[in-house]
Amino acid sequence: SAGETKGLFVPKAEDYQKVYNEVAALLQEKDDYDDGSYGPVLVRLAWHASGTYDKETGTGGSNGATMRFAPEGDHGANAGLVAARNFLEPVKAKFPWITYSDLWILSGVCAIQEMQGPTIPYRPGRQDKDIAACTPDGRLPDASKGNKHLRDIFCRMGFNDQEIVALSGAHALGRCHTDRSGFDGPWTFSPTVVTNDYYKLLLDEKWSWKKWNGPKQYEDKSTKSLMMLPTDMALISDKTFKQWVGKYAKDNDLFFKDFAAVITKLFELGVPFDETTQQSPITFKPTA
Ligand code: DDH
């Protein structure tokens, strides 16, 4: 099935689909993790691999998978992501031809689709880099900060206000862990399904400071079982951000469309695709 040129294996779309199917099968099989899925932490791995991009210098981004090395893997923001990297080791062993950088992004795409999210077009072509390409600490957002910090960090990657809000909808997924970030709890009641609930809850719930010894975070007044970070609340204290929160809260189709577009952009930041081949993106078939 796979093309062979002078002994060099040239993977085709169907080979990447096999990797997708393997990740999807492992997601099904290892359902005793966290809220019942490795999906959210795989999405976070793909985001943190990509979100180090700096448009001025062209450094960082998903091309390189430099989080494999201690300097970057040990950055505070990446605490806990070793769980996602270890989850993927058997997949890398079974398909040694795929680079870690392509595998991490493919897994993020797979996790989003398998958690009932939108279809995310995928383009392979990332190369792993060595330790020298590790990015400096501090390129990922700091959850204790506000709207200016959000704009500083995401404009450095090349995103605008609408895109910042659309990306943040990923917090419909997963949770905070006290032994990782220090924060605690999920944002929504369905942390293993992609929905626009993050925006609905931001607007519809009453949020107050959680009384505890941990870092400053919010809890919902009615159940006290959900959370928001200071950076999440910045999306409704800032008027421009809030307009987009309102649109996505009202219209799940619009959120899915904009989220698919912006996460594709995120996952491709700084990746030198060979534009001459005009390779069309792969659309993976979900397993569910
Ligand atoms: Fe996030 N995120 N994130 N996030 N994120 C955390 C968890 C998850 C911030 C901070 C945190 C994005 C944006 C921001 C996911 C996806 C995305 C945690 C908790 C913190 C803290 C980590 C832990 O304790 O395990 C901040 C700050 C921002 C921001 O300023 C905008 C974006 C853009 C995405 C994305 O995917 C596009 C996901 C998924 C999780 C859940 C992980 C898990 O293990 O569960």
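Below are the figures for this structure:
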read-out: Accessible surface of the chain [probe 1.4 Å, protein heavy atoms]: carbon and sulfur percent; value: 51
read-out: Dipole magnitude (debye, nearest 20) for the range 103-258, charges at Cβ of Lys, Arg, Asp, Glu; value: 340
read-out: The range 136-149 - phi-based ³J(HN,Hα) in whole Hz, Karplus 6.51/-1.76/1.60, Gly and Pro as x; value: x, 5, x, 7, 8, x, 9, 5, 7, 9, x, 5, 5, 4
read-out: Mean shadow area of the range 7-49, taken as a quarter of the surface of its Cα convex hull (nm²); value: 4.2
read-out: Residues with amide H under 5 Å from that of Cys176, placed H, sequence gap 5 or more; value: Gly185
read-out: Selection from Gly169, Phe241, Ile120, by position along the positive dipole direction of the range 114-243 (Cβ); value: Phe241
read-out: Cα radius of gyration and Dmax for the chain (Å); value: 18.6, 64
read-out: Rg [Å, one decimal], Dmax [Å, integer] - the range 97-194, C-alpha atoms; value: 15.6, 42
read-out: Karplus 3J(HN,Hα) series, Hz, for the range 45-59 with 6.51 cos²θ - 1.76 cosθ + 1.60 (x for Gly, Pro); value: 4, 4, 5, 6, 5, 7, x, 8, 5, 10, 5, 5, 9, x, 8
read-out: Mean accessible surface per residue for the chain, computed with a 1.4 Å probe while every protein chain stays in place, in Å²; value: 46
read-out: Debye log10 I(q)/I(0) at q = 0.08, 0.10, 0.12, 0.16 Å⁻¹ for the range 1-153, Cα point scatterers; value: -0.24, -0.38, -0.54, -0.93
read-out: Lys206 paired with Lys18, simple spin-label distance in nm, labels 7 Å along Cα-to-beta-carbon; value: 5.8
read-out: About the Cα centre, charge dipole magnitude for the chain (Lys/Arg +1, Asp/Glu -1 at Cβ), debye; value: 540
read-out: Diffusion coefficient, µm² s⁻¹, Stokes-Einstein with Kirkwood Rh over alpha-carbon pairs of the range 137-288 at 20 °C and 1.002 mPa s; value: 128
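The values are calculated or read from the model by the stated rules, or taken from the named source; none is laboratory data. Values in this document were obtained by computation on a predicted structure and should not be read as measured data. Cβ: placed from backbone, ideal geometry, glycine included. Neighbour counts: every protein chain shown. In case anyone asks, the SASA skips ligands and DNA or RNA and just uses the protein heavy atoms, side chains included. Shrake-Rupley method; radii C 1.70, N 1.55, O 1.52, S 1.80 Å.
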